[in-house]
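Participant: The structure that follows is given in the form of structure tokens.
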Amino acid sequence: MLSEDVIKSILENLGKMEGVKGVVITTTEGIPVHSTFPPDVTEKISAFAASLLGKAKEMIKEVGGAKVTFITLDTSEGELLISSEQEYVIAILR
Amino acid sequence: MEPNVFEKILTRLIKSESGIRRAILVDRTGLTIAHASKFSSYYPIDVEGIGAIASAIFVGSEEQGKNLDIGDLQMVISEFENGKIFAISCGQGVLCLITDPDVNIGMIRLLMKRTAAELGKLLDEFLSATVSIPVEEKKEEEEELKAALDALEQL
């Protein structure tokens, strides 16, 4: 498991990238682990990102059984990138 | 207040996320105010008992928080092998959810916080309402009581 310092440095590096508004690391159960957003926004992003990933996994399992590794949501005001590894999910808003 | 308003809100809550088996609204003394279930016929449980225990646990934890001076209790999550129980404060009551074990905890927390705010207002309104007995009914009751007392005195 990664240490607190390593996670913080990863979040800082991601936050410095052009256009990145914020980063949230959450468990697959939707419990936030680390975030650069305020608590209320973090809670919402964590819950919905984990839920969305869960639904996507269910859908992919039904149609083929491949592993979901990345989700991109394009919106009129930017994009949300969601990636998952083991029991953690990372969501980047940019 | 609209009849069955609490049941309607609880049913909407159950439908909003998969994995929620049952929702129970209780007051701080453990009395069940309303409940809703997804599969009531498949999971026959003692709703009143579950609600009373959930309320007791919540109030007990709240007391612990007061003793430790760590503020008001927001939510209690009990995790079991085959399910989870969530309890959140909503005004003068406690909202209790029984879910599957693999439910999205973050989403349930979010939904419960939103629903608790809505239920809290309605519950406070519901519990503060006073029932007024019509004057005629009161007079009838008094007369009946007097007649009963006279009958007792004659004995």
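The values are calculated or read from the model by the stated rules, or taken from the named source; none is laboratory data. Note that the structure is predicted; figures quoted are calculated from it, not measured. Glycine gets a Cβ as well: all are built from the backbone with ideal geometry, and neighbour counts include every protein chain shown.
Participant: Please verify whether the stretch B:70-93 includes one or more residues that are without any contact (Cβ under 8 Å) to a residue 60 or more places away in the chain, assigned to a helix (DSSP H, G or I), in contact with a helix residue (DSSP H, G or I) (Cβ under 9 Å, 6 or more places away or on another chain) and of a type outside the set (A, V, I, L, M).
Facilitator: Filtering the stretch B:70-93 for residues without any contact (Cβ under 8 Å) to a residue 60 or more places away in the chain gives B:70-82, B:84-89, B:91.
Cutting the leftovers down to assigned to a helix (DSSP H, G or I) gives us none.
Looking for residues that are without any contact (Cβ under 8 Å) to a residue 60 or more places away in the chain, assigned to a helix (DSSP H, G or I), in contact with a helix residue (DSSP H, G or I) (Cβ under 9 Å, 6 or more places away or on another chain) and of a type outside the set (A, V, I, L, M), one finds none in the stretch B:70-93, hence no.
Participant: Identify the residue in the stretch B:85-104 that is within 14 Å of chain A (Cβ to nearest Cβ) and surrounded by fewer than 21 Cβ atoms within 10 Å (Cβ to Cβ) and, among all such residues, is nearest to B:LEU25 (Cα to Cα). Let's see the steps before the verdict.
Facilitator: Narrowing the stretch B:85-104 to residues within 14 Å of chain A (Cβ to nearest Cβ): B:86, B:88, B:99-104.
Those still in the list that are surrounded by fewer than 21 Cβ atoms within 10 Å (Cβ to Cβ) too: B:100-102.
On the way: B:ASP100: 19, B:PRO101: 21, B:ASP102: 23 Å.
Looking at residues that are within 14 Å of chain A (Cβ to nearest Cβ) and surrounded by fewer than 21 Cβ atoms within 10 Å (Cβ to Cβ), I get B:ASP100.
Participant: Sticking with this one: On the given criteria, is B:LEU110 touching a strand residue (DSSP E or B) at 6+ places or on another chain (Cβ under 8 Å) and either hydrophobic (A, V, I, L, M, F, W, C) or modelled with pLDDT under 90 (or both)?
Facilitator: Numbers: touching a strand residue (DSSP E or B) at 6+ places or on another chain (Cβ under 8 Å): no; either hydrophobic (A, V, I, L, M, F, W, C) or modelled with pLDDT under 90 (or both): yes.
So B:LEU110 fails the test.
Participant: Just to be sure before I move on: is A:GLY15 more than 10 Å from every other protein chain (Cβ to nearest Cβ), part of a loop (DSSP other than H, G, I, E, B) and surrounded by fewer than 17 Cβ atoms within 10 Å (Cβ to Cβ) in the structure I sent? Before you say what the answer is, go through the steps one by one.
Facilitator: Details: more than 10 Å from every other protein chain (Cβ to nearest Cβ): yes; part of a loop (DSSP other than H, G, I, E, B): no; surrounded by fewer than 17 Cβ atoms within 10 Å (Cβ to Cβ): yes.
Answer is no for this residue.
Participant: Shifting gears a bit: Can you work out which of the residues in the stretch A:20-65 that are among the charged types (D, E, K, R) and facing another protein chain (nearest Cβ under 10 Å) is surrounded by the most Cβ atoms within 10 Å (Cβ to Cβ)? Steps first, answer last, please.
Facilitator: So the first thing to find is which residues in the stretch A:20-65 are among the charged types (D, E, K, R), and the list is A:21, A:29, A:40, A:43-44, A:55, A:57-58, A:61-62.
The next check asks that each one be facing another protein chain (nearest Cβ under 10 Å); those that pass are A:29, A:40, A:43-44, A:55, A:58.
Working: A:GLU29: 19, A:ASP40: 10, A:GLU43: 22, A:LYS44: 16, A:LYS55: 14, A:GLU58: 11.
That would be A:GLU43.
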